1. Considering only residues that are more than 26 Å from residue 389 (Cα to Cα) and open to solvent by less than 30 Å² (accessible area, probe 1.4 Å), look in region 100-128 and name the one that is farthest from the chain's Cα centre (by Cα).
2. Quickly run through region 282-305 and pick out the residues that are open to solvent by 50 Å² or more (accessible area, probe 1.4 Å) and either under 20 Å from residue 48 (Cβ atoms) or outside any helix (DSSP H, G or I) (or both).
3. Within region 74-99, restricting attention to residues that are surrounded by fewer than 14 Cβ atoms within 10 Å (Cβ to Cβ) and of a type in the set (Val, Ile, Thr), which residue is nearest to residue 120 (Cα to Cα)?
4. Given the structure, is residue 394 assigned to a helix (DSSP H, G or I), surrounded by fewer than 17 Cβ atoms within 10 Å (Cβ to Cβ) and either of a type in the set (S, T, N, Q) or touching a His at 6+ places or on another chain (Cβ under 9 Å) (or both)?
5. Would you please list the contacts, defined by Cβ atoms under 6 Å and residues six or more apart or on different chains, that run from a residue in region 310-338 that is open to solvent by 40 Å² or more (accessible area, probe 1.4 Å) to a residue that is of a type in the set (Asp, Glu)?
6. Can you name every residue in region 18-37 that is closer than 24 Å to residue 160 by Cβ and either open to solvent by less than 30 Å² (accessible area, probe 1.4 Å) or without any contact (Cβ under 8 Å) to a residue 40 or more places away in the chain (or both)?
7. With respect to residue 383, determine if the residue is outside any strand (DSSP E or B), open to solvent by less than 20 Å² (accessible area, probe 1.4 Å), within 27 Å of residue 563 (Cα to Cα) and in contact with a Phe, Trp or Tyr (Cβ under 8 Å, 6 or more places away or on another chain).
Amino acid sequence: MSGKSKRCRIKIIWRFAKPYIPLFVVAEICILVTYAVSLLLPLNLARLTDKVLYIRNASLLPDVIITYVVLFFASAISNLIYAYVWQTLSNRYVVDVKNEVFCKAMHAKVSFLSSMDSGDMMSRIDEDATQFIHIVQRNLFHFINSIILCSFIVFLVGRINIILAVALVIAAALPIIFTKMNSKTVENLAKKEREEIGFLTGKVFEIIKGLREIRLLCAEWWSTKTIFSRQHKILLLGNDIRKLDFVVNKFVYLINVLTTLIVYSISVYLVYSGLMTIGMFLAVIQYVALLHKKFNWMLRIYLDWFTRKVSVDRVSEILDTDSESDIGQPFAETIHKIQFKNVAFSFEEDNQVLKDISFFVEKGQKVAIVGANGVGKSTLVGLLLKFYSPDKGSILLNGKETSNLKATDIRKSIGVVQQDILLFDDTVRYNLLLGNEVCSDEKLKDVCRRVGLESWLSTLPMGLDTVLGNGAQGLSGGQKQRLMIARTLLKNAETVIFDEATSALDIDTENLVMEEFVKHNHNMTIIVISHRTEVIKMCDRIILLNEGLVEAVGTHEELLKESECYRKLFGV
């Protein structure tokens, strides 16, 4: 991994940690106090053994006991404060990371969101963001402090006997080298595991939402096979990580055992030679045990870093992505004219959707945009609403280029009803008012009447406050789509785009809904994208797209006479 990538990880972790520096300082003090106690306890034991028990100097016993009591309370108080501080940090820090990742995702460019699997996004916001606090606590705080503690242990053992200290240092080098050799493998396995977990999360969500369709197609076996195969793959990746972890741990354990035998043998020789007291021998035993414990933990933390930094990279990908720009001139005007001038657009270099599109829509007009599937009709909507930017040409509202206007202002001015249905597991009122301010029940009921939901609403036990559970599974496709239309009406936008928005309605209901808009709203500008002949016949003008160009413009009757392409689409 490049130095630049490492700096980026440190930078992003520091950005979230910066507001909590005082708490981190308190946590650091508590750790240092606890580690100081662990260093002093063996020395106090040596004094108890050599001075009180061996020499029988009873006058030192109260002092030794008081030292134990002070060290015990110092450790206990430090641990209590440390636990409280880290619990506070865990709650606040993790929420900060998750909130920022979620907000960044909400404002990311559509091109980025469309390339991201929903389950993978959920996994990054939830699981990967949680790893940040573990990185700070374990991989940073405890790792650095453990190095300090181990250094002091080696120093104190060196004060007792330099040969013992050298043996401990040499023994530490082998596990470090072995762990480093396997770190890249752990990182690659962890990355694959995170990706598979994200894919599985999204697939489970999709299958649960589509259970009705799955059962209708008798495809339970397919969904079960899909989930089980992914779970099996995640299990195998987890096993590979655990196998590698097992090998590293056992190698370290072997080195520790050999080191302990060597240190104990040297210590016993020094005691028999009169070069070391019994108390110091007991202190060395405790120091070696503590060193092995902390050193093993350091290697464990070090190995965990290669798993956790995958989470940092996955979260960083979202945080570093470009946000959708909302910079521009305010636009709070009534839209009198929409104009596309020589607009071209490509999703990819070799996939040009629009080549040279020019047309206009004036206020109060009812215009249909038609063409074969994939010709770029919905792409025009995305360009108008600034989800995408044209490769060339310009789009104008009242003569002003949309590239110079604020995207949020444009979207407030235009209501869009899409074919894709998005309803939440909440009340009818919540689904109608999504993103809008509270309005009266009379207005909500009037909007429902206009889209043909009045009789359905009257049958609900709680009326507008009835909860539409499980994504409104009890509603027909037409009822769901009419709720989407009603939601758009509540924006009070004078320009409304129907992007295949009535496809789930039966012919009679579709005619009633479209007549409400097309015939009874003379001041409203309507743009319709549809394959329904009856719908487009209601429009004043029809724009035919073909092979990335505007092939023809006219009424239904005119286009039937003039355009072979149109006759193939709508000819009788």
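The values are calculated or read from the model by the stated rules, or taken from the named source; none is laboratory data. Owing to the predicted nature of the structure, the values given are computational and were not obtained by experimental measurement. Note that we place each Cβ from the backbone using ideal geometry, even for glycine, and neighbour counts take in every protein chain shown. Heavy atoms of the whole protein, side chains included, go into the accessibility calculation; ligands, DNA and RNA do not. Shrake-Rupley method; radii C 1.70, N 1.55, O 1.52, S 1.80 Å.
1. Ranking the qualifying residues of region 100-128, first place goes to 119.
2. 282, 286, 289
3. Once the filter is applied, the top-ranked residue is 95.
4. Spelling it out, it is not the case that residue 394 is assigned to a helix (DSSP H, G or I), surrounded by fewer than 17 Cβ atoms within 10 Å (Cβ to Cβ) and either of a type in the set (S, T, N, Q) or touching a His at 6+ places or on another chain (Cβ under 9 Å) (or both).
5. Note: pairs meeting the criteria are 330/409; 334/494; 337/362.
6. Selection gives 35, 36, 37.
7. For residue 383, the condition - outside any strand (DSSP E or B), open to solvent by less than 20 Å² (accessible area, probe 1.4 Å), within 27 Å of residue 563 (Cα to Cα) and in contact with a Phe, Trp or Tyr (Cβ under 8 Å, 6 or more places away or on another chain) - is met.
Yes or no, residue by residue, for (1) in contact (Cβ under 8 Å) with a residue 12 or more places away in the chain; (2) open to solvent by less than 50 Å² (accessible area, probe 1.4 Å); (3) under 43 Å from the mean Cα position of the chain (by Cα):
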position: 526; (1), (2), (3): yes, yes, yes
position: 535; (1), (2), (3): yes, yes, yes
position: 541; (1), (2), (3): yes, yes, no
position: 555; (1), (2), (3): yes, yes, no
position: 569; (1), (2), (3): yes, no, yes
